[in-house]
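See structure below.
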Amino acid sequence: MTEEIIIAGFGGQGVLSMGKILAYSGAMQDKEVSWMPSYGPEMRGGTANVSVIISDERISSPIISQFDTAIILNQQSLDKFEKTVKPGGVLLYDPNGVFNPPTRKDINIYKVAATEKASELGMAKVFNMIVLGAFLEVKPVVTEEFIEKGLLKSLPERHHKMIPENLKAVQTGKTIVETVFEL
Amino acid sequence: MAKELKLMKGNEAIAEAAIRSGCDGYFGYPITPQSEVMEHLMIEKPWETTGMVVLQAESETSSINMVYGGAGAGKKVMTSSSSPGISLMQEGLTYLAGAELPALVVNVVRGGPGLGTIQPSQADYFQAVKGGGHGDYQMYVLAPASVQEMYDFVFLGWEIAFKYRNPVMILSDGAIGQVMEKLYVGPHIPRWTEEELRKNAPWASCGKPADRDHNIITSLDLDSAKQELHNHKLQAKYREMEEKEVLFETINCEDAEYIFVAYGSSARIAQKAIQLGREKGIKVGLLRLITLFPFPKKQVAEFSKKVKGMLAVEMSAGQMVEDVRLAAEFRCPVEHFGRYGGIIHTPHEVLEALEEKIIKG
């Protein structure tokens, strides 16, 4: 199994930390992992993206341009990354602020209204974990047990009290993900 | 001894390795994409545990001269920077080489020339292996291609630097500096005691006991006859490195008809291009350079007798390719492919270049 993922959205949406938690969880589950961020000016107020690879084998290149899954959190990222999903792959997006939804017919498309749900439940801080939950519902590349271990390892100790809320957000994401188009 | 698993950025791995390898001092000045080296050191506060000095200097010029001072006293000292900062250090590097001082210098390369861009590049190859500073000198140049190698090469760097009394450069790039991968770290190696330092670096200028002459650290000798002899000695050292210290890795080369030659992040990208190529039935392998100086001339020469062509893949307009061509001596076609100015080539582009430039050639 090799899962090549791009996560893209605005800086501040928790794109990089979602990738980090996913990578840590994979590492805890004894997988090979890599986490390659966009860095520099585009992180400051603009778009942010990170590619994460989780694999049972040694990872050849952490730098990739085509993905098994794209997790998309704004229109700009959708415009940029819809075309980079491999045929037969997965595109998961948050419809908030997306006025031109994805149109491809050779990939599986899902949506998760994470922004809406997070504000409804007052869980804005763990918005990204709702998205992560939705992804894991579609592609269970790591098991829940290891998400908890990944959170323990990636969050500084002073934030460990937030772990139950994070896990609850993952559960929420799993239940609200919707199929838009399936092959 | 059991090794501990971490998930770290390449830059953080450099810092972690510095602390764990018994480094005495780090002197640096922040610059993207390598600022996490000093950041990690400042978070870890090794001065409270191992006694290692971490100092943010007022400039790169200052950092490299602090390194010169520490190295002259036999200490394990290092600095890190990125391309424009490394340019500022060139005077210090040639002085270190001339005065035969061990030191570790990390360059996490970004696109140039000038201030260029903060995105990854491999366009500092010439600067690292062909001089950069003035005079006939060489640094030992290591090219890590993973976070684990960023860590491991700090340890190897000290070994070579002190064995040959010569500066060692770790030539990385923004991608390997920023990527986070699994890292296995070993136990802490303590810093040298004063006794160990005097034994391991008897040439160091660290206080003269009564029973020996002054140890003098200098690169200056106005007597040209002596300076030529000194140069002979340096050259003999470089030839010995070429004889004994070449490092490389071959991947999928057993049946290869074509060879990618690459280092650092381009070598990782080339590995993915090999997978894509082999899915299409193209028998392609990779010669991954681990040392850039000394360059694996013999290995390139051997391949050039066996394969139909080689593609040098590097994020530059074509630098390492010159050394590949020199070693291949026209026995097979050698072409270059690379994006540059901060753009990273994709595995698909690399494979396409092989098909266009070599296979159809």
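Here are a few things to note about the model shown:
- Some residue of region B:277-295 being among the hydrophobic types (A, V, I, L, M, F, W, C) and at positive phi: no
- Of the residues making up region B:141-151, one or more are assigned by TED's automatic domain parsing to the domain that holds B:Glu60 and in contact with a Pro (Cβ under 8 Å, 6 or more places away or on another chain).
- Of residues in region B:1-36 being in a helix (DSSP H, G or I) and within 14 Å of chain A (Cβ to nearest Cβ), the one surrounded by the most Cβ atoms within 10 Å (Cβ to Cβ): B:Gly10
Listed here are the residues, each with its yes/no results for (1) touching a strand residue (DSSP E or B) at 6+ places or on another chain (Cβ under 6 Å); (2) part of a loop (DSSP other than H, G, I, E, B); (3) closer than 20 Å to B:Gly177 by Cβ; (4) of a type outside the set (Gly, Ala, Ser).
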| position | (1), (2), (3), (4) |
| --- | --- |
| B:Leu96 | yes, no, no, yes |
| B:Leu104 | yes, no, yes, yes |
| B:Val109 | yes, no, yes, yes |
| B:Gln122 | yes, yes, yes, yes |
| B:Gln127 | no, no, yes, yes |
| B:Gly131 | no, yes, no, no |
| B:Tyr137 | no, yes, no, yes |
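- Taking first residues from region B:221-239 that are closer than 11 Å to B:Gly98 by Cα and partners that are in a helix (DSSP H, G or I), the Cβ contacts under 7 Å between residues at least 6 apart in sequence or on separate chains come to B:Asp221/B:Gln227; B:Asp221/B:His230.
- First in region B:283-303 and of a type in the set (Phe, Trp, Tyr), second anywhere and at pLDDT 95 or above, Cβ under 6 Å, 6 or more apart: B:Phe293/B:Val129; B:Phe293/B:Gln138; B:Phe293/B:Val141; B:Phe295/B:Asp323; B:Phe303/B:Ile259
- Of the residues in region B:189-205, at least one is in a loop (DSSP other than H, G, I, E, B) and closer than 30 Å to A:Gly150 by Cα.
- Pick from region B:260-317, criterion closer than 27 Å to B:Asn166 by Cβ and basic (Lys, Arg), ranking: nearest to the other protein chains (Cβ to nearest Cβ): B:Arg288
- Considering only residues in region A:85-101 that are buried (at least 16 other Cβ atoms within 10 Å of the Cβ) and in contact (Cβ under 8 Å) with a residue 24 or more places away in the chain, the one that is farthest from the chain's Cα centre (by Cα) turns out to be A:Val98.
- Whichever residue in region A:43-61 is more than 26 Å from B:Ala267 (Cα to Cα) and within 12 Å of another protein chain (Cβ to nearest Cβ) and, among such residues, is modelled with the lowest pLDDT: A:Met43
- For region B:166-184, a residue qualifies if it is in a strand (DSSP E or B) and more than 14 Å from every other protein chain (Cβ to nearest Cβ), and the qualifying residues are B:Pro167, B:Val168, B:Met169, B:Ile170, B:Leu171.
- Scanning region B:232-248 turns up no residue that is in a helix (DSSP H, G or I), assigned by TED's automatic domain parsing to the domain that holds B:Glu314 and at pLDDT 95 or above.
- Considering only residues in region B:265-282 that are closer than 11 Å to A:Ser60 by Cβ and in contact with a Leu (Cβ under 7 Å, 6 or more places away or on another chain), the one that is surrounded by the fewest Cβ atoms within 10 Å (Cβ to Cβ) turns out to be B:Leu276.
- Some residue of region A:62-78 being hydroxyl-bearing (Ser, Thr, Tyr) and either within 14 Å of chain B (Cβ to nearest Cβ) or loosely packed, with under 14 Cβ neighbours inside 10 Å (or both): yes
- Considering the conditions (1) without any contact (Cβ under 8 Å) to a residue 12 or more places away in the chain; (2) not in a loop (DSSP other than H, G, I, E, B), B:Pro113 is excluded by exactly one of them, (2).
Yes or no, residue by residue, for (1) assigned to a strand (DSSP E or B); (2) surrounded by fewer than 24 Cβ atoms within 10 Å (Cβ to Cβ); (3) under 14 Å from the mean Cα position of the chain (by Cα):
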| site | (1), (2), (3) |
| --- | --- |
| A:Ile6 | yes, no, yes |
| A:Gly9 | yes, no, yes |
| A:Leu16 | no, yes, yes |
| A:Gly19 | no, no, yes |
| A:Ile53 | yes, no, yes |
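- Condition met for A:Lys117 (of a type outside the set (S, T, N, Q) and assigned to a helix (DSSP H, G or I)): yes
The values are calculated or read from the model by the stated rules, or taken from the named source; none is laboratory data. If you're wondering where the values come from, they're calculated on a predicted model, not measured in any experiment. In this analysis, Cβ positions are derived from the backbone assuming ideal geometry, glycine residues included, and neighbour counts consider all displayed protein chains.
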